[in-house]
Protein chains: 2
Amino acid sequence: MESIHQYEVFEVTMPKQQRSGYPGGVFSCGDHSVCIKGFAENANEGTLRFMPDRQGDWHYAVAWEGESVEGDFHCIAPKRGVHGPVRTQGHHFYYDDGARFIPMGTTCYAWVHQPPEMIEETLETLKSSPFNKVRMCVFPKSMPYNHNDPAFYPFEKKEDGVWDVTRPDQRYWQHLDFCICALAEMGLEADIILFHPYDRWGLSTMKQEDNLTYLHYAIRRLGAYHNVWWALSNEYEFSFGKTIADWDQFGEMLAAEDPYHHLVSAHDWITPYPKRPWMTHVSLQCADPGEVFSVRDEYGLPTIDDEFGYEGDLEFSWGNLSGFEFMNRAWAMVAFGCYISHGETFHRDDEVLWWAKGGKLYGQTPARLQFLAEVLRSLPGPIEPACAQAVRDPNGNASSEGQKQLIKMIWEMESDKGRRQIQKEMTRPIGQHPDFRLIYLERQVRSFISLKLPEQGQYKVEIIDIWGMTRKQAVSGVHGDITVGLPGHEGLAVLITRLSGEALC
Amino acid sequence: MESIHQYEVFEVTMPKQQRSGYPGGVFSCGDHSVCIKGFAENANEGTLRFMPDRQGDWHYAVAWEGESVEGDFHCIAPKRGVHGPVRTQGHHFYYDDGARFIPMGTTCYAWVHQPPEMIEETLETLKSSPFNKVRMCVFPKSMPYNHNDPAFYPFEKKEDGVWDVTRPDQRYWQHLDFCICALAEMGLEADIILFHPYDRWGLSTMKQEDNLTYLHYAIRRLGAYHNVWWALSNEYEFSFGKTIADWDQFGEMLAAEDPYHHLVSAHDWITPYPKRPWMTHVSLQCADPGEVFSVRDEYGLPTIDDEFGYEGDLEFSWGNLSGFEFMNRAWAMVAFGCYISHGETFHRDDEVLWWAKGGKLYGQTPARLQFLAEVLRSLPGPIEPACAQAVRDPNGNASSEGQKQLIKMIWEMESDKGRRQIQKEMTRPIGQHPDFRLIYLERQVRSFISLKLPEQGQYKVEIIDIWGMTRKQAVSGVHGDITVGLPGHEGLAVLITRLSGEALC
């Protein structure tokens, strides 16, 4: 009996002959069974892909217009480093096997649409990068710095030049399979953007019926890859021809048709996509960490700010953040219990910018994101924002009677500016957990910090320099009210760890 | 006949004997005459101070309870460097003699309340600083880092320990005269804060009647100094015992009683003081240059952001800006056609922080404010914000039909965030004048900028590095659409100068 690893793809192929539609099957392991739909790969055969989510003996029966095949295989432990699809719990991400997944994504929208040498280079770069997720489009991208045409398109064309979504171009899809698998090999998630507006080929303006045909195909073809995430959109509001009802149809089709329940999000341009049952997490575009925190708080879902500006030097304000400002936002988001994605947009005359095409990285943030990832992995659990309560009740976060009165007073002034200021004061990027507290000081230049630790117990205080990438112990074994010296520059985080005694939240 | 310089103080003294109140007089030069009220300086004499605003022969007659003195003096050209009181015109400041005054203030709230050696040190520091205005309090200050008591207080006390505002302590006021004159000697304006809330001596909680008695005295005593500005308040909302009606009484008294019509402002904590006829300019506290621009636009007055955070390393968010962030805000304000004040708050165990006590400067911003002042002085005229029109009509600033449509679309989304974003895009710190255009790029990292110059004529483009303090010509003699390389870091300004051809606005 054939053996495959858990979370790998088991394929069943049937000759196509004159059959229409696609094969369907049932895969069972003990009393657990999953219905799977396949796809007509080419003129000669239909394929059905299945990803077993548990170890043991599996039996399958696949049928296509009256004809059927049956078989068995044995599912063994996953390959080293494979943990299955990413799931969510509370505001955080975990692999199917329970291991924590701390998203540290990057954006290469059109990397799969570039020439083979560049794709090789992109994969090579990713291999030694801190990234574990790539935001990437199925359709090619048309935009400044995106003027080259891809070798293959997702569909064949009808005689009148209109895309024929019933005839996927196998060369394209096999290439996409290759790209997704290459990411999986390296332990990266493929955050697949299904629709986006930056288009000169008519792929963003297909009829909704055609959109659904394509989406259904993508689900059946790509769903069995454990590292797939479904991103309905990039900047959904920019797709002028699509209504919220259209987007909802996509989300509902994914919820109904994806047997693996991969993650689903809808990325916005300005207004976060309304919360929906099919939405597993929030994928935002927002420059302000405080606002990202608010959305996290309102939606009650894991929240990734996939676009808060890119490290680069373009004319566009979304593409000219300094490395420091990028990291400053990243640390603030993380201390708010949110997650982030990287992107890089340094102008090049050859138009090869990482954010769109991949290639090489030139910026200063990847090394610093690596450092951030190391700090996060060293923590005993995920971060919850300490300000969540404070924002709902501004007085709740006041550290003294005097401060409480001050807050009350400003509140009663009914000044928008005053209320914004209080909200800002109360919404600081401070992350907490029973065993630690992470205070990110943003651009505040501080020569010291006063801390109110529990009166009993022992606590350790470390100073993190987010740009210098150092993490140094300041004091250990302390408790109560203490003052800790700080090196007096921007980009400092203070990490308090409980060694013994009362929990930190 | 005695000669005095224009804008200097001419004093008339009369013996006090048993007289109550104060002397009053009329000063005439040709058909121009001014009524002046004096003050009882001490138990023995009354004094009347007069500042002539024009050259020529002056005659005066001073009377006090039936007794009078008359006399003449000749008013000659002002001392070198003296231009008279500062006035306003449009959104800008000019001395009485028409020379431009470009405010570059600093904040030393309680410098006059420090020991003599420290006052000497402060004056020494100011002498070699870029500053031409000092924000300073009449009353001593109580606050963190302000725990020492002054040698003298403005008033004697009654037997019950309450301040007797009818008995000014001459030792204090002579000292204040000295301080104001010392500033005048060095060409600095004294921005005198008449009331402030940071108090442990009961000076902020006097009865309104006493406040007015004190204010009237201050006007009669200090008004003849050409370098006096009246700042009613520091953070007016924080003076809980004072109502807007009380503050208005101060403003109205200044308008009615100050024969020289020195500048009058009321500095806020959160909400700009409502616009009033007696208000000559706006003195703000605001961290956001875009908001400061809005107030300037709404009030139609010269606007100084006297507090947008200080360069320092304190625990307080108002006192821990990096030098770069301070300069970044300063340049943005200036490109918006506004003005700024400096302040420095580096923690010192001896509690001598420039912002409160003076002493020495340790920061990196004074040299850079000097550079900013040099750039401003080199310009042929004051800056008007290019965005003023755009904000009233977002479409007005669109650079293309496509951008117009985009703006319209976002506007119609009725998303607060979207509208804020548009407002931000439309409210960029770009200053203009027929002969120049100053584009401040804030924290944008740019490797180039595309400029749309007039199709005819000759223009020069310079690149200014606000932190590196360099100003380099990029191209000259150009026109039409051009692209200029930029060094790709934060804090760049682009200055376009018209050499010939169409005006730049």
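Read-outs throughout are calculated quantities, based only on the coordinates presented, and are distinct from any laboratory measurement. Keep in mind it's a predicted model, so treat the numbers as computed, not measured. Glycine gets a Cβ as well: all are built from the backbone with ideal geometry, and neighbour counts include every protein chain shown.
Of B:Glu235, A:Glu462, how do they rank once you tally other Cβ atoms within 10 Å and put the fewest first? Mind dumping the intermediate values first?
Values: B:Glu235 17, A:Glu462 20.
Ordered by Cβ neighbours within 10 Å, fewest first: B:Glu235, A:Glu462.
Quick one: grab the alpha carbon gyration tensor of chain A, order the square roots of its eigenvalues as a ≥ b ≥ c, and give me rounded if a/c is under 1.5, else prolate or oblate depending on whether a/b is larger than b/c. Before the final figure, lay out the partial values.
On the way: a/c = 2.07, a/b = 1.71, b/c = 1.21.
Verdict is prolate for chain A.
When the Karplus curve 6.51 cos²θ - 1.76 cosθ + 1.60 is applied with θ = phi - 60°, which whole-Hz ³J(HN,Hα) does each residue of region B:133-149 get, with x for Gly and Pro?
7, 10, 7, 8, 8, 6, 8, x, 10, 10, 4, x, 6, 10, 10, 7, 8
If I model a spin label as a point 7 Å beyond the Cα along the Cα-Cβ vector, how far apart are those points for A:Arg200 and A:Val162 in nm?
Inter-label distance under the simple model: 2.4 nm.
Would you calculate, for chain A, the mean residue ellipticity at 222 nm contributed by helices, counting each DSSP H stretch of 4 or more residues as -39,500 (n - 2.57) and dividing by all residues, to the nearest 500? If you can, show how the numbers build up before the last one.
Details: 11 runs with 127 residues, N = 505.
Helices in chain A give a 222 nm mean residue ellipticity of -7500 deg cm²/dmol.
How large is ³J(HN,Hα) for each residue in region B:68-85, as worked out from phi by the Karplus curve 6.51 cos²θ - 1.76 cosθ + 1.60 (θ = phi - 60°), to whole Hz, x for Gly and Pro?
Here the 3J(HN,Hα) series is 8, 10, 10, x, 9, 8, 10, 9, 9, 3, x, 4, 3, x, 9, 10, x, x Hz.
Compare the Cα positions of A:Gln6, A:Asn44, A:Leu123 along the charge dipole of the protein assembly as shown (+1 at Cβ of Lys, Arg; -1 at Cβ of Asp, Glu; about the Cα centre) and return the one farthest towards the positive end.
Value computed over the given set: A:Leu123.
Counting other Cβ atoms within 10 Å, keep those with at most 12, restrict to DSSP loop, and tell me which trypsin sites (Lys or Arg not before Pro) in region A:85-149 are left.
Details: sites: A:Arg87, A:Arg100, A:Lys127, A:Lys133, A:Arg135, A:Lys141; in loops: A:Lys141.
Within region A:85-149, no trypsin sites (Lys or Arg not before Pro) qualify (loop, at most 12 other Cβ atoms within 10 Å).
Rounded, prolate or oblate: which one fits region B:86-363, using the alpha carbon gyration tensor with axes a ≥ b ≥ c (rounded when a/c is under 1.5, else prolate when a/b beats b/c, else oblate)? Before the final figure, lay out the partial values.
Values: a/c = 1.41, a/b = 1.14, b/c = 1.23.
Rounded.
Which cross-chain or sequence-distant (5 or more) residues have an amide H under 5 Å from the amide H of A:Thr303, H modelled 1.01 Å from N in plane?
A:Val282, A:Tyr339
Sorted from fewest to most neighbouring beta carbons within 10 Å, what does the list B:Thr427, A:Thr213 look like? Kindly include the intermediate steps, with their values, before the conclusion.
Working: B:Thr427 22, A:Thr213 17.
Ranked by crowding around the Cβ, least crowded first: A:Thr213, B:Thr427.
Take every residue in peptide B:445-458, count the Cβ atoms of other chains within 10 Å of its Cβ, and give the average of those counts. Could the numbers behind the result be given before it?
Values: counts 14, 9, 8, 4, 1, 1, 0, 0, 0, 0, 0, 0, 0, 0.
Whole-number average of other-chain Cβ neighbours for B:445-458 is 3.
Note down the magnitude of the dipole of chain B about its Cα centre, charges +1 on Lys and Arg C-beta and -1 on Asp and Glu C-beta and zero elsewhere, to the nearest 20 debye. Write out the running numbers ahead of the final one.
Numbers: 47 positive and 70 negative charges, 285 e Å.
Here the size comes out at about 1360 debye.
From other protein chains only, count the Cβ atoms within 10 Å of every residue's Cβ in B:311-318, then give the mean. Intermediate values should be presented prior to the final figure.
Numbers: counts 1, 4, 9, 5, 8, 2, 9, 0.
Rounded to a whole number, the mean comes out at 5.
What size of dipole, in debye to the nearest 20, comes out for region B:263-315 about its Cα centre when the only charges are +1 on Lys and Arg C-beta atoms and -1 on Asp and Glu C-beta atoms? Working shown, then result.
Numbers: 3 positive and 11 negative charges, 103 e Å.
So the magnitude is around 500 debye.
So, R0 is 45 Å and r is the distance between the beta-carbons of B:Gln423 and B:Gln170; what FRET efficiency does that work out to, to 0.05?
On the way: r = 54 Å, r/R0 = 1.19.
FRET efficiency, B:Gln423 to B:Gln170: 0.25.
From the label point of A:Glu156, set 7 Å from Cα along Cα→Cβ, how far away are the matching label points in the other copies, in nm, ordered shortest to longest?
10.8
Please list the non-local residues whose amide H lies under 5 Å from the amide H of B:Thr345, H modeled 1.01 Å from N, same-chain partners needing a gap of 5 or more.
B:Glu311, B:Gly312, B:Asp313
Taking a point 7 Å out from Cα toward Cβ as the label site, list the nm distances between A:Phe178 and the same residue in every other copy, smallest first.
8.7
So which chymotrypsin sites (Phe, Trp or Tyr not before Pro) in region B:210-309 are both in a DSSP loop and have at most 16 other Cβ atoms within 10 Å of their Cβ? Present the calculation step by step, with values, prior to reporting the outcome.
Working: sites: B:Tyr214, B:Tyr217, B:Tyr225, B:Trp229, B:Trp230, B:Tyr236, B:Phe238, B:Phe240, B:Trp247, B:Phe250, B:Tyr260, B:Trp269, B:Trp278, B:Phe293, B:Tyr299, B:Phe308; in loops: B:Tyr225, B:Phe240, B:Tyr260, B:Trp269, B:Trp278, B:Phe308.
Those that pass, being in a loop and sparsely packed, are B:Phe240.
Take the Cβ-Cβ distance between A:Glu11 and A:Asp435 as r, set R0 to 41 Å, and report the resulting FRET efficiency rounded to the nearest 0.05. Each step should come with its number before you reach the end.
Values: r = 45 Å, r/R0 = 1.09.
Calculated transfer efficiency: 0.35.
I'd like to know which of A:Leu183, A:Pro140, A:Gln456 lies farthest towards the positive end of the charge dipole of chain A, counting +1 on Cβ of Lys and Arg and -1 on Cβ of Asp and Glu.
A:Gln456
May I ask which residue of B:Trp269, A:Phe308, B:Gly241 lies farthest towards the positive end of the charge dipole of the protein assembly as shown, with charges of +1 (Lys, Arg) and -1 (Asp, Glu) on Cβ and the Cα centre as origin?
A:Phe308
What are the nm distances, shortest first, from B:His5 to its equivalents in the other copies, labels at 7 Å along Cα→Cβ?
8.7
What distance in nm separates the simple spin-label points at B:Ser20 and A:Glu455, each placed 7 Å from Cα in the Cβ direction?
6.0
Charges at C-beta only: +1 for Lys and Arg, -1 for Asp and Glu. How large is the resulting dipole of region B:220-265 about its Cα centre, in Debye rounded to 20?
Values: 3 positive and 7 negative charges, 48 e Å.
So the dipole magnitude of region B:220-265 works out to roughly 240 debye.
What net charge is computed for the residues neighbouring A:Ala386, neighbours being all others with C-beta under 10 Å from the C-beta of A:Ala386, Lys and Arg scored +1, Asp and Glu -1? The partial results should precede the final answer.
Numbers: positive: A:Arg428, A:Arg437; negative: A:Glu384.
Local charge sum for A:Ala386: +1.
For B:Gln458, what residues show an amide H to amide H distance below 5 Å, using hydrogens built from the backbone and excluding near sequence neighbours?
Close amide H contacts, sequence-distant or interchain: B:Leu499, B:Ser500, B:Gly501.
Exactly which trypsin sites (Lys or Arg not before Pro) in region A:205-268 are in a DSSP loop and have at most 13 other Cβ atoms within 10 Å? Please report the intermediate quantities before stating the final value.
Numbers: sites: A:Lys207, A:Arg220, A:Arg221, A:Lys242; in loops: A:Lys207, A:Lys242.
Those satisfying the criteria are A:Lys207.
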